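Written out below as structure tokens is the structure these notes cover.
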Amino acid sequence: MADENITREYAHAVPLNAISAFGLGPFGARGERRERDLSYEATSQQGLAVAYNTSGLVVRQLVELIWAHGGRMDAEQLRAQTAPADPALLSVEIERAVVARLFEDRGDGSVELGETFSEYLAPFELGLTDTKSLTSDAMGAICRNLGVENPIPTRKAERVAAIIAAFDAPGATEGLEAKVGPVAWKLFHDIVDSAGTGIAHASSVGIHGNIHAVGPSPFSNRISHEGATKALHDLACHGLIGVESWEGQVWIWAEAYRVLGRPIYRDWSMAPRPTPVRIDSGTAAVPEVVTAMTAALEHWDEIAPKVLKNDEPRLAKAAVAALARTTGVSTTTAELLSGVAINHGLLLRNVTGASGRGRNRRVDAVWRPDPQLVEVWKSLSTAQRWALIVSGWSSPVDRSHRSQLQVNRHLVAWELADLEPGLGFDDTATFGQWLGDHYCDLGHCDAVAEVIEELRVLGLVPAQGAFGFTDVARALLADPASAEDAFGGSVDEVIVQPDMTIVVPPDLDAELASRLREISVVDSEGAVTVLRLDETRITKRCQAGTSAEDIVGFLADVSSVELSDGVIHLVRDAADKANRVSILEATSLVVTADPGDLQVAMSLKSAKLTKVADTVAISPLTPARLRQALDRRDLHPKIVTIGEQPAARTASDEAEVLARRAEELRRYVARSPNRHTSAIADRLDQNAAELADVGGRLTVSGPLVLTPDIVEGV
């Protein structure tokens, strides 16, 4: 199997392993391609784990059944245990497991676990043959309850054999049902339905309270039980179930499956794959997320969010909500922007203080934009920015924090890319249920719904209605360089109407569309997009350094009709708010240009303002919280920093730190040669060189997601 290509057949069976082989996804090595390394992807510990954890409901149940039968089931056993299943579905899923190297194909109707996969599975079996299952005395008690003829065998192995013989005797199922009674027999089946071949908590089958005295022993007849606990005790005393009293766990002994009288699993259903529908795949417009990133970087430059105490590379929910409020985007968009910014290093961890020693040491840090990378970001075209954002979404830099959401991003992308161009699905819930069942355990319907929402925000699928990759999205995901032609608009005119709306043609120049999005919000989308000038966004742009006359001049240049007086007044009034109210970072000192504005601010109790002059007030709130309060009165204050602030860290600073560490390690190696330490120093130097390449860090290349077409081209 060495030096074997990743085939389309294998990629369809285990897409995550194929994705990893191409250096993509949460399990791939960033920047590395292992197209000819199927043997590693299919048989490594990681590859087997991924294959099993995305094998789907049917295959996972089959694995548990085969393992419970000693690693192999003949054709007759398979038919008996899968009688409730759809034969066509079962055949397809078994073939998929064979391709995934989970099963061996013997060609005689039997099913056997793959040799390597069997070695991967934990050597764990809930059987009486396990030497630690029950004591010899407990086995003797079970033999007596089952009516094993005297003399009872003395050796433990012989007692287990006698129990198995009793289970295999003709009429054993009916006899045991009569012995334990209907209540206990129903409980027996309930435990099987709940635990399958595994373990269930007693509460899942209606057993609550103390079960410490439950189970076979030489003295079990001296203990009285009532209700459900008595039924549980009777089952345990007849060798049908096992009980772990301290954890409150119950299970079926593997030897007892033969008296069950029915298949272990009765539900073999899976949600059917939804039928693809036609989508609007030809429309290409600048996604709002592209222009929102610039606004987000300006927001973080003004208010640096705190780093989580566990150092996880994401923003706290409160910081995400604050970004959404300030920039006027959805929470999903704000969370997406913060994740992409951290992934690409646009946001860097800056230490602000430290206290304590040893285990009590605490380091305070905030996320601040990297000035060098922000300048590179500003120099990128709209199409390049879009490609960069999609790249950060699809390929997280830090793979030490893998999440189920990242896995589902690539599973959804694989399935959408596998459709013919122009096709998609019309119902998120139906698609999510199918994908969750098909790629169970890692696939999940809730994560799929979140991914679809992200794809709409990213502009990779239509903003509403049926979802599927647009033509532009397919080109971008396969080759980010094609992003330059994504918004191939040559039109440089819009219609700025007196009612503050802007009629935008579908083929408007991308740079113009991006600038319009900075000062407006979407009013409606369709064949023609309608934007509406937004006072808050205009105010934010003016606070960032743009003047009212610049905005008026821009609108006059792009509008095919003359600007109305109302539009001009709206822009100037919004710009006038940019510097009317300021918050100085002292205690939170509020300074207004107009005494009337201060009166408006004072009327807000949550601001906790104390007036010290006609245009000055102080508040105990932090500048960020105070601005949040004043925004409710439509004041949109600007935060002004007093005094010298430490410069934000840059990628170059990080590179210097890594280079110094590498040099220290090399000096150590010179005194005491160590190959491992030398390799660490080499990696540090490599990381330092990558950080120092400021321009290259925001350059996107290669496919962003794996598609079946790419696999076929290898």
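Under unit Cβ charges (Lys, Arg +1; Asp, Glu -1), what dipole magnitude, rounded to 20 debye, does the range 495-579 have relative to its Cα centre?
300
Using the charge dipole of the range 136-259 (Lys, Arg: +1 at Cβ; Asp, Glu: -1 at Cβ; taken about the Cα centre), state which of Leu187, Ala228, His212 has its Cα farthest towards the positive end.
Highest projection toward the positive end goes to His212.
Using only Cα atoms, locate the centre of the range 292-324 and the centre of the range 396-467, then give the distance between them in Å, rounded to an integer.
Result: 25 Å between the Cα centres.
Counting pairs of alpha carbon atoms under 8 Å apart in space and at least six apart in sequence, what relative contact order in percent does the range 561-714 give?
With pairs under 8 Å counted, the relative contact order is 18 percent.
Considering all projection directions equally, how large on average is the shadow of the alpha-carbon convex hull of the chain, in square nanometres?
That works out to 42.1 nm².
Ignoring ligands, DNA and RNA, what accessible area per residue does the range 515-620 give at 1.4 Å, in Å²?
On the way: 5010 Å² over 106 residues.
Heavy-atom SASA per residue in the range 515-620 reads 47 Å².
Quick one: ranking Thr615, Thr592, Thr154 by accessible area, 1.4 Å probe, largest first, what do you get? Don't skip to the end; give the middle numbers.
Working: Thr615 40, Thr592 10, Thr154 110 Å².
Listed by decreasing accessible area, they come as Thr154, Thr615, Thr592.
Determine the per residue accessible area of the range 339-463 with all protein chains present and a 1.4 angstrom probe, expressed in square angstrom.
38
Whenever you get a sec, compute what percent of the accessible area on the range 277-485 sits on carbon and sulfur atoms (1.4 Å probe). Mind showing how you got there, number by number?
On the way: 3970 of 8380 Å².
The nonpolar share, carbon plus sulfur, comes to 47 percent.
Report the accessible area of Arg517, computed with a 1.4 Å probe over the heavy atoms of all protein chains in place, in Å² rounded to the nearest 10.
About 20 Å², rounded to the nearest 10.
Using a 10 Å cut-off on Cβ atoms, rank the peptides 69-75, 369-375, 231-237, 16-22 from the highest mean neighbour count down.
16-22, 231-237, 369-375, 69-75
Normalised by the number of residues in the range 8-120, what is the relative contact order in percent for Cα pairs under 8 Å and 6+ residues apart?
With pairs under 8 Å counted, the relative contact order is 26 percent.
Given labels modelled 7 Å from the Cα in the Cβ direction, how far is it in nm from Val503 to Ser524?
Modelled inter-label distance: 1.2 nm.
Under a 1.4 angstrom probe, counting protein chains only, how are Trp251, Trp246 ranked by accessible area, largest first?
Accessible-area ranking of Trp251, Trp246, largest first: Trp246, Trp251.
Roughly how much of Leu121 is accessible, in Å² to the nearest 10, using a 1.4 Å probe?
30
What's the FRET efficiency of Asp653 with Thr135 using the Cβ-Cβ distance as r and R₀ = 51 Å, to the nearest 0.05?
Numbers: r = 65 Å, r/R0 = 1.27.
Step by step, r from the Cβ atoms, then E = 0.20.
Grab the Cα-Cα distance for Lys605 and Gln46, subtract it from 0.36 nm times how many residues apart they are, and report the gain in nm with one decimal.
Gain in length upon complete extension: 195.6 nm.
Please state the relative contact order of the chain as a whole percent: Cα pairs under 8 Å, 6+ residues apart?
Once divided by the residue count of the chain, the mean separation gives 12 percent.
Based on Cβ point charges of +1 for Lys and Arg and -1 for Asp and Glu, what charge dipole magnitude is obtained for the range 136-259 about its Cα centre, in debye rounded to the nearest 20?
That gives a dipole near 280 debye.
Can you list residues from other chains, or at least 5 along the same chain, whose modelled amide H is less than 5 Å from the amide H of Ile241?
Those lying under 5 Å, H to H, from Ile241 are Ala236, Trp253.
Where the only charges are on Cβ atoms (+1 Lys, Arg; -1 Asp, Glu), what is the dipole of the chain about its Cα centre, to the nearest 20 debye?
It comes to approximately 3220 debye.
Cβ under 13 Å from Ala231's Cβ, Ala231 left aside: what net charge do those residues give with Lys, Arg +1 and Asp, Glu -1?
Result for the local shell: -1.
Counting only helical runs of four or more DSSP H residues, what would the 222 nm mean residue ellipticity of the chain come to if each run contributes -39,500 (n - 2.57) and the total is spread over all its residues? Please report the intermediate quantities before stating the final value.
On the way: 31 runs with 339 residues, N = 714.
Only helices count here, giving -14500 deg cm²/dmol.
Limiting things to C-alpha atoms, what are the Rg and the maximum Cα-Cα separation (Dmax) for the range 8-120, in angstroms?
14.7, 49
When the accessible area of the range 136-259 is computed with all protein chains present and a 1.4 Å probe, what percentage of it is carbon and sulfur?
Roughly 51 percent, rounded to a whole number.
With every protein chain left in place, what is the accessible area of Tyr439 in Å² (1.4 Å probe, nearest 10)?
Counting only protein heavy atoms, Tyr439 exposes about 0 Å² to solvent.
Kindly sort Met293, Met500 by accessible area of their heavy atoms, largest first, with the probe set to 1.4 Å.
Met500, Met293
Got a number for carbon plus sulfur as a percent of the range 8-120's accessible area, 1.4 Å probe?
47
Points 7 angstrom from Cα along the Cβ direction at Arg155 and Leu121: gap in nanometres?
Once both label points are built, they end up 2.8 nm from each other.
Which length gain, in nm to one decimal place, applies between Glu663 and Gln77 when the Cα-Cα distance is subtracted from 0.36 nm times their residue separation?
Gain in length upon complete extension: 204.5 nm.
The values are calculated or read from the model by the stated rules, or taken from the named source; none is laboratory data. Quick caveat: nothing in here was measured; it's all calculated off a predicted structure. A quick note on method: Cβ atoms are made from the backbone with ideal geometry, for glycine too, and the neighbour counts reach across all protein chains shown. The accessibility values were calculated without ligands, DNA or RNA, using every heavy atom of the protein model including side chains. Shrake-Rupley method; radii C 1.70, N 1.55, O 1.52, S 1.80 Å.
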